[in-house]
Amino acid sequence: MDVGKTMFSVSPAFTNVARMRERFDQLQVQLATGKRAQTLSDMGPGRGNNIDMRAQLAKNSAYQNSITMVGNRLDLLDLTLARFDTIESETRQFAAADSSGENQTTLTTAQGFASSSLDEVINLLNTDLAGRFIYGGTDTDDPPVKGLEAILNGEGGRDGFRTVVAERKAADAGASGLGRLALSASGSAVTLAEDGAHPFGFKLSGGSTDSLAVSISAPAGSPQTMDVTFTGQPNAGEKIFVTLTLPDSTTKTLELEATSANPPGDGKFTIGATTDASASNFQAALQTTLLQQTQTELNAASVFAAADNFFNGSGDTIQRVNGPPFDSATSLIAATASNTVSWYDGSSNAQARNSVSARIGENATINYGVEGNETGFLQLVRSLAAVSVETFSSSDATSEARYDALSDRQVTRLSENNNNSAGSIEVIAMELGVVRKTMGNYSELNSNYQNQLESVLARLENVSIEEVAVQLQTMQIRLQASYQTMSKLSELTLVNYIR
């Protein structure tokens, strides 16, 4: 027997000591980092749960980031919508002011006020956040609305709103200036007739009278006609009423009063010596009234009809008069990209809110898109543009009546009675408010879920420093004891044993 060798094999002992040393090193790293393992492979069977938890935490963080991003956009939308609402209110108040006030201030400043307000509305519709235009629906890369100058006056050889309005005015007024109506008299009957079946000018809606000496037929035929027949002589003070529908779907009732005075004065006709003479006088008075109404009420209706056709909403095309000639036109025609400026270039969806979406939870999506051609913006833009292209002055005899007719329409279209209509500024703000409330609820849910995930991950990944310190101390004692034992065993030979 080789006495130079130990009596006992120490290989198993060395292996155990090596394992304890490896565990000792692990505990030292855990004490320093607070982590159970430094790599996934070191986590053992718990690595699958760890990977799954990490994936869920990443998704949850993405949802929270999405909520934060959308929240920033909603903040900006709230600010701009509030300004839209203020402009709408200011425009309504300005339009309701008396145009014939001191020095006719309202009348002479109306166009400038409307133009500056329209310019601000356009700039608001072109608001962007970090390069993303928030009023373009899905089209967020470019400004959704053309500039004021291009919209009103055109660009690149394409016509703007001002040209479309001029064409519509001509088509509605007609060559005679009677709003595309024709007047004729035969004996004691006066015939009022539309000059064709088309969308332009006045349309006959009906007539009435408080005189037993006058009969009025209902509008009939295509194009429509109606007769006012003097079966006798009306009494002074008795009236004849003719109701007309205008191109913007508003109505106007003309009122002519019989009088014995000659000349009769505005809104009156002289009772003649015979029924034929009375009919002739009525025809002359009606013609004068129609000429006046064409320059005022019909003028305003033409501007707003052109605005409705030019500032198109979702699913609509820009329409303009099919001409020339325009004063005898009989139809509208769709504008083309080569002949007419398109005021709005953003996306156009029947459900604007659905144009932009964001995931804010595992099974939760919010829709918060806003498009600049929604009803509330349209009415504001149309109302301001209508006044922006008109000129008013104290030296123009028609200015006051024209402005009053325009402002009446502004007040009606921007009335608070429309606040509950789909697409109104107020409804848009309310719908986005619901989105914000939903986001707040999910943000709280996501935050709670994140805390739960982090708590579970902490149990999977982290260690108790106190426990590790105790284990490390215990392992150190065991290692020291093992080293001492190994040292003695390594000296245990037969020679030393005999000694």
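The table that follows gives values for the structure above.
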| item | result |
| --- | --- |
| Number of positions in the range 374-395 that are in a loop (DSSP other than H, G, I, E, B) and closer than 22 Å to F161 by Cβ | 6 |
| Which numbered condition N349 fails, given (1) within 27 Å of E155 (Cβ to Cβ); (2) over 26 Å from the mean Cα position of the chain (by Cα); (3) touching a residue at least 24 places away in the same chain (Cβ under 8 Å) | (2) |
| Counted residues, the range 151-171 - those being in contact with an Asp or Glu (Cβ under 8 Å, 6 or more places away or on another chain) and either surrounded by fewer than 20 Cβ atoms within 10 Å (Cβ to Cβ) or on the phi > 0 side of the Ramachandran plot (or both) | 1 |
| Evaluation of F310 against (1) surrounded by fewer than 22 Cβ atoms within 10 Å (Cβ to Cβ); (2) in contact with a helix residue (DSSP H, G or I) (Cβ under 7 Å, 6 or more places away or on another chain); (3) assigned by TED's automatic domain parsing to the domain that holds G346; (4) not small (G, A, S) (one fails), failing number | (1) |
| Candidate set: the range 191-215, residues that are among the hydrophobic types (A, V, I, L, M, F, W, C) and crowded, with 19+ Cβ neighbours inside 10 Å; chosen: the one nearest to L178 (Cα to Cα) | F202 |
| Test for G174: is it of a type outside the set (S, T, N, Q) and surrounded by fewer than 17 Cβ atoms within 10 Å (Cβ to Cβ) | no |
| Filter result (buried (at least 17 other Cβ atoms within 10 Å of the Cβ) and within 23 Å of Y403 (Cα to Cα)) within the range 265-286 | L286 |
| Any strands (runs of 3 or more DSSP E) falling wholly within the range 279-373 and containing at least 2 residues that are among the small types (G, A, S) | 357-361 |
| For I67: the one exception among (1) modelled with pLDDT of 90 or more; (2) surrounded by fewer than 17 Cβ atoms within 10 Å (Cβ to Cβ); (3) in contact with a strand residue (DSSP E or B) (Cβ under 9 Å, 6 or more places away or on another chain) | (2) |
| Near pairs, Cβ below 7 angstrom, 6+ apart or cross-chain, from the range 387-403 (closer than 26 Å to L148 by Cα) to any residue that is at pLDDT below 90 and of a type outside the set (A, V, I, L, M, F, W, C) | F392/T108; S393/T108; S399/S393; E400/S99; E400/S100; Y403/S99 |
| Filter pass, T91 being under 18 Å from A385 (Cα atoms), part of a helix (DSSP H, G or I) and of a type in the set (S, T, Y) | yes |
| Selection within the range 120-135 - surrounded by 17 or more Cβ atoms within 10 Å (Cβ to Cβ) and under 22 Å from S383 (Cβ atoms) | V121, I122, L124, L125, N126, T127, Y135 |
| Among the candidates V370, V321, residue that is within 24 Å of S176 (Cβ to Cβ) and in contact with a helix residue (DSSP H, G or I) (Cβ under 7 Å, 6 or more places away or on another chain) | V321 |
| Complete set of residues in the range 396-419 that are within 15 Å of Q111 (Cβ to Cβ) and in a loop (DSSP other than H, G, I, E, B) | D396, T398 |
| Meets criteria (closer than 23 Å to Q319 by Cβ and among the aromatic types (F, W, Y)) for F161 | yes |
| Filtered residue count, the range 335-388, keeping only those that are of a type in the set (V, I, T), more than 19 Å from N420 (Cα to Cα) and crowded, with 17+ Cβ neighbours inside 10 Å | 6 |
| Matching residues, the range 210-233, being touching a residue at least 40 places away in the same chain (Cβ under 8 Å) and more than 20 Å from T259 (Cβ to Cβ) | none |
| Scope the range 225-245; condition under 55 Å from the mean Cα position of the chain (by Cα) and among the β-branched types (V, I, T); matching residues | T225, V228, T229, I240, V242, T243, T245 |
| Single unsatisfied condition, A185 versus (1) within 21 Å of V303 (Cβ to Cβ); (2) in contact with a helix residue (DSSP H, G or I) (Cβ under 7 Å, 6 or more places away or on another chain) | (1) |
| Members of the range 101-140 that are touching a Phe, Trp or Tyr at 6+ places or on another chain (Cβ under 7 Å), farther than 19 Å from F161 by Cβ and at pLDDT 95 or above | T127 |
| Candidate set: the range 267-278, residues that are assigned to a helix (DSSP H, G or I) and touching a residue at least 12 places away in the same chain (Cβ under 8 Å); chosen: the one nearest to L152 (Cα to Cα) | S278 |
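The values are calculated or read from the model by the stated rules, or taken from the named source; none is laboratory data. None of the values given here were measured: they were computed from a predicted structure. Glycine gets a Cβ as well: all are built from the backbone with ideal geometry, and neighbour counts include every protein chain shown.
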